[in-house]
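Q: Here it is, the structure, as structure tokens.
We did not get these values from a lab; they are worked out from the coordinates using the rules stated. All values reported here derive from a predicted model rather than from experimental measurement. Virtual Cβ from ideal backbone geometry, glycine too; neighbours counted across all protein chains shown.
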Amino acid sequence: MIVANPIEVLQKYFGYNSFRLQQAKAVEHVINGNDVFVLMPTGGGKSLCYQVPALALPGTAIVISPLIALMKDQVDALSANGVSCAYLNSSLSMAAQVDIVDRLKAGRLKLLYIAPEKLNAENGALLNLFKQLSISLFAIDEAHCVSHWGHDFRPDYLFLNQLKSSFPKIPIIALTASADDVTRKDIVKQLRLQNPAVLVSSFNRANISYYIQPKQQMFSKIVSYIREHAQESGIIYCLSRKGTEELAAKLQAQNISTHFYHAGMNPSERALVQENFIKDKIKIIVATIAFGMGIDKSNVRYVIHADLPKNIESYYQETGRAGRDGLPSEAILFYSGGDVLKMKRFAMVEGNAAQTELMLQKLQQMADFAEMESCRRQYLMRYFGEEHSGNCNSCDYCLSTFDEQDVTIEAQKLLSAVYRLNERYGKILVIDFLRGSNGARITEQMRALPTYGKGSDKSKDFWLHLSRQLIHQRLLQESNDNYSVLKLTDGSREVLYKGKKVFIAQLKEKAVAIATPDIQEMDGLTSFIADNDLFQLLRELRREHAEQENVPPYVVFSDVTLKEMAAYYPQTWEEIGQISGLGVFKMDKYGASFLKLIADYCKHNHIESRMPSKQSKKVAKPKPAKESVSDTFEKTFHLYKEGNDLEEIAIIRKLSKTTIEGHLSELVFLNKISPYQFVPVQKMQIITNVVLQKGMLSLRAIKDTLGDDYSYFEIKVTIAFMKLQG
């Protein structure tokens, strides 16, 4: 059996020089004939895990996907790269289906995409046909659909358990973007995978910034945000069909390019809306969750949730439709407590108490995510079993400014109440007990306990907020039983008996979604700033090619490829061949026209090529994590280097002075800016001595000690420099 070199396949058809994440391992295992389970975030490049082996191995790869739109997108993209492929589903005429089957029999297809129900149709006629052909591999996309424990179970997928018994020697690769540990194991079991390689990539979508914002004045906030991102594509999710239609109509009345999308629409109308969106003829889709699964539009820059998703898996998957090309993107959730009540009725599974309990638990976890005051990214990654240190500098919590509040006494009261009540009750009853409620659920025996009524000086909202913070800090835990109750932890006992201090963050200024910066880290190796004028000209040329070929613009080139061109100004055939995303086929097809545009632009503007800089950086080692700079900090950094002072930067960026101070302090810690530009040496020495005496827990305590001659900014800069020095 002749097998092509995977790296050569990757370069020839896709224009990349190396694999990302777990791609290389997945490709190697499949080529060696082994089963593989791949868990990789949306935009992480799951498709290459089976497309490269399909092109390297002899025969035809069968790709099973429940998503008609994805099939068409994938086939369009592969065809644009010079790959012989097709899809087979109910959207095609009978004549078209017969033609594709003839091409399959003749061995003229390297990949065939099919819907799962096709395998079960006509008593498995298609499956029997496969037995007569040379099949290289089976790829099962959206593999979580096979599991009852998955968030999108589909009965048609159960038929796939016959694949392994019917084709025992053909490798199966199962792929999904979101599945917890229970679902992962169930996928392997249901598909009968034989000793599969289990490859789990990081769930960290580093290019997506997460924001939770209150629902008050939601419409005006959405309009304002869209106007700031007028040239960019976005998706807005609503709970109901009616909600999508009403919001789309209100946006259209504001002259915003948008349309609604939901499952109740006529199929042809729905297909037209989707096509107009992926071809950039409509900028924004207002949709129910019926929209987006499998949409391979790589340049969606933001996803907005106007209503609460039903679980973390759905939220993670839906937000992952932004930034599939790796460029900075944003996920914004508008939240109110009333959303949880509305969603509870959708969580009820008639006749299945266990499934109802699971759905309610997942809904509560989604609500906890929206209500908590800690790093959003850390919560998401912990949910999927991956640790993260927090302080991501790309979520509303980490970008906000806070004052620390010492709540040790209040925490001791709450933990004592849990202890006195024998860890038998949920937080609502514990808080009612603590606040001295006379309700019927508080018995005479409870009222006789010493902690009863000790928290009457604080509101119910305060105690609920504190309980959530203690749970997040693991100083308290909530059971997952039918009736969840509060339980003490080892940390609780340290607070109660060993003098451990408890601090929570008191919000001072909340960060909201901001404009997407032009700066982007490429695979952690090189950063660049794209020439926006050239980028827009390249986009227009891409649009012309796309319209001529009747394909979405991103099928021609992704935004990443265009931005790289606009950053490095390649001006020779050899140089443009070094741009990511240009395989041999696309070079022959588009290279000359894009090269001419860039060369003419550079000649007119007297710009020289920067490709030597890119090539040297390409082999550089990744910087240590400590040196990486978040996009929003980078923008502040560049404005500072241009000579703008703190107040000017705040005005230019439309951010508060306090937020910019936070950026500059962080840049001191990252060793990008000298602290002595903000704090005189003598002052810094005095602040350092006080910090060493007081510790770094409370800025207020340090400020009170130093007095009015010292600002919070000077203290923050000094502490940042102390951390840098170790």
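Q: Between residue 20 and residue 645, what is the label-point separation in nm under the 7 Å Cα-to-beta-carbon projection?
A: For the pair residue 645/residue 20, the computed spacing is 4.3 nm.
Q: Hey, another quick one. Grab the alpha carbons of the stretch 95-187, take their convex hull, and tell me the volume per residue in Å³.
A: Details: hull volume 10.1 nm³, N = 93.
Spelled out: Cα convex hull of the stretch 95-187, divided by residues, is 109 Å³.
Q: Counting Lys and Arg as +1 and Asp and Glu as -1, each charge on the Cβ, what is the dipole of the chain about the Cα centre in debye, to the nearest 20?
A: In debye, rounded to 20, the chain gives about 1220.
Q: Next question, about the same structure. Please state the relative contact order of the chain as a whole percent: Cα pairs under 8 Å, 6+ residues apart?
A: Relative CO of the chain lands at 11 percent.
Q: Still on this structure, I have one more. Quote the convex hull volume per residue of the stretch 408-501, based on C-alpha atoms, as a whole number of Å³.
A: About 92 Å³ per residue, rounded to a whole number.
Q: Give me 73, 406, 432 ranked fewest to most by other Cβ atoms within 10 Å of their Cβ, as a rough exposure proxy.
A: Fewest to most other Cβ atoms nearby, the residues stand as 406, 432, 73.
Q: Also: Could you derive backbone 3J(HN,Hα) for the stretch 115-126 from the dihedral phi with the Karplus parameters 6.51, -1.76 and 1.60 (θ = phi - 60°), listing whole Hz in sequence and x where the residue is Gly or Pro?
A: Running phi through 6.51 cos²θ - 1.76 cosθ + 1.60 with θ = phi - 60° gives 7, x, 5, 5, 5, 8, 6, 6, 6, x, 4, 5 Hz.
Q: What full-extension length gain, to one decimal in nm, is calculated for residue 462 and residue 94 as 0.36 nm per residue of separation minus the Cα-Cα distance?
A: 126.1 nm
Q: Right, here's the next one. Hey, what angle do you get for helix 584-605 against the long axis of the chain, alpha-carbon based, 0 to 90 degrees rounded to 10?
A: Between the helix axis and the principal axis of the chain, the angle is about 60 degrees.
Q: While we're here: Given only helices, namely DSSP H runs of n ≥ 4 each adding -39500 (n - 2.57), what is the per-residue ellipticity at 222 nm of the chain, to the nearest 500 deg cm²/dmol? Present the calculation step by step, with values, prior to reporting the outcome.
A: Values: 34 runs with 338 residues, N = 726.
Mean residue ellipticity at 222 nm (helix-derived): -13500 deg cm²/dmol.
Q: As I understand it, the value is the acute angle between the Cα axis of helix 353-371 and the longest principal axis of the Cα atoms of the chain; what does it come to in degrees, rounded to 10?
A: So the inclination is approximately 70 degrees.
Q: Given the Cα-Cα distance of residue 154 and residue 11 and 0.36 nm per residue of separation, how much length would full extension add, in nm?
A: 47.9 nm
Q: Next question. I'd like the antiparallel share, as a percent to the nearest 5, of DSSP beta bridges with both residues in the chain.
A: For the chain, the DSSP antiparallel bridge percentage is about 20.
Q: Considering the Cα positions of the stretch 519-618, please state its Rg to one decimal place and its Dmax as a whole number of Å.
A: So, for the stretch 519-618, Rg and Dmax equal 12.8, 38 Å respectively.
Q: Which stretch or stretches of the stretch 360-387 have amide N atoms under 19 Å from the point lying 7 Å from residue 202's Cα along the Cα→Cβ direction?
A: Label zone hits: 375-387.
Q: Over the stretch 1-151, what number does the Rg to Rh ratio reach, with both radii from the alpha-carbon atoms and Rh per Kirkwood?
A: 0.94
Q: Given 12/563; 362/500; 221/657, which pairs have Cα atoms separated by over 27 Å?
A: Beyond 27 Å: 362/500.
Q: With the crude spin-label approximation of a point 7 Å out along Cα→Cβ, what separation in nm comes out for residue 686 versus residue 391?
A: 2.7
Q: OK, next. Please compute the modelled spin-label separation between residue 406 and residue 371, points set 7 Å along Cα→Cβ, answer in nm with one decimal.
A: With each label point 7 Å from Cα toward Cβ, the separation is 2.9 nm.
Q: For the chain, just the Cα atoms, rotate onto the principal axes and tell me the three extents in Å, largest first.
A: Cα extents, longest axis first: 83, 71, 53 Å.
Q: Going by C-beta contacts inside 10 Å, put 561, 244 in order with the fewest on the left.
A: Listing 561, 244 from fewest to most nearby Cβ atoms yields 561, 244.
Q: Would you mind ranking 395, 602 so that the residue whose beta carbon has the fewest other beta carbons within 10 Å leads the list?
A: Values: 395 24, 602 17.
Lowest count first: 602, 395.
Q: Still on this structure, I have one more. So what's the angle, to the nearest 10 degrees on a 0 to 90 scale, between helix 408-420 and the longest Cα principal axis of the chain?
A: Compared with the principal axis, the helix lies near 80 degrees.
Q: Please report how far the C-alpha centroid of the stretch 150-189 lies from that of the stretch 1-58, rounded to the nearest whole angstrom.
A: 19
Q: Beyond 21 Å, what share of the Cα-Cα pairs of the stretch 628-725 is found? Please give it as a whole percent. It would help to have the intermediate numbers written out before the result.
A: On the way: 1506 of 4753 pairs.
Counting every Cα pair in the stretch 628-725, those more than 21 Å apart make up 32 percent.
Q: A further question follows. If I histogram all Cα-Cα distances within the stretch 338-446 using bins 5 Å wide from 0, what percent of pairs lands in each bin?
A: Bins of 5 Å from zero give 2, 9, 13, 12, 15, 20, 16, 8, 4, 1 percent of pairs.
Q: Taking H as built 1.01 Å from N, whose amide H comes closer than 5 Å to the amide H of residue 237, not counting residues under 5 places away?
A: So residue 237 has HN proximity to 287, 304, 305, 306.
Q: On to the next question. May I ask for the distance between the Cα centers of the stretch 77-143 and the stretch 359-402, given as a whole number of Å?
A: With the stretch 77-143 and the stretch 359-402 each reduced to a Cα centre, they are spaced 41 Å.
Q: Show me the ranking of peptides 18-30, 160-172 by mean Cβ neighbours inside 10 Å, starting with the highest. Display every interim value, and only then the final one.
A: Working: 18-30: 20.1, 160-172: 16.4.
Taking the mean over residues of other Cβ atoms within 10 Å, the ranking is 18-30, 160-172.
Q: Something else: Relative contact order for the stretch 535-608: what percent, with Cα pairs under 8 Å and sequence separation of 6 or more?
A: For the stretch 535-608, the relative contact order is 30 percent.
Q: Can I ask one more? Multiply the residue separation of residue 438 and residue 123 by 0.36 nm, subtract the distance between their alpha-carbon atoms, and state the gained length in nm to one decimal.
A: Taking residue 438 through residue 123 to full extension adds about 106.7 nm, to one decimal.
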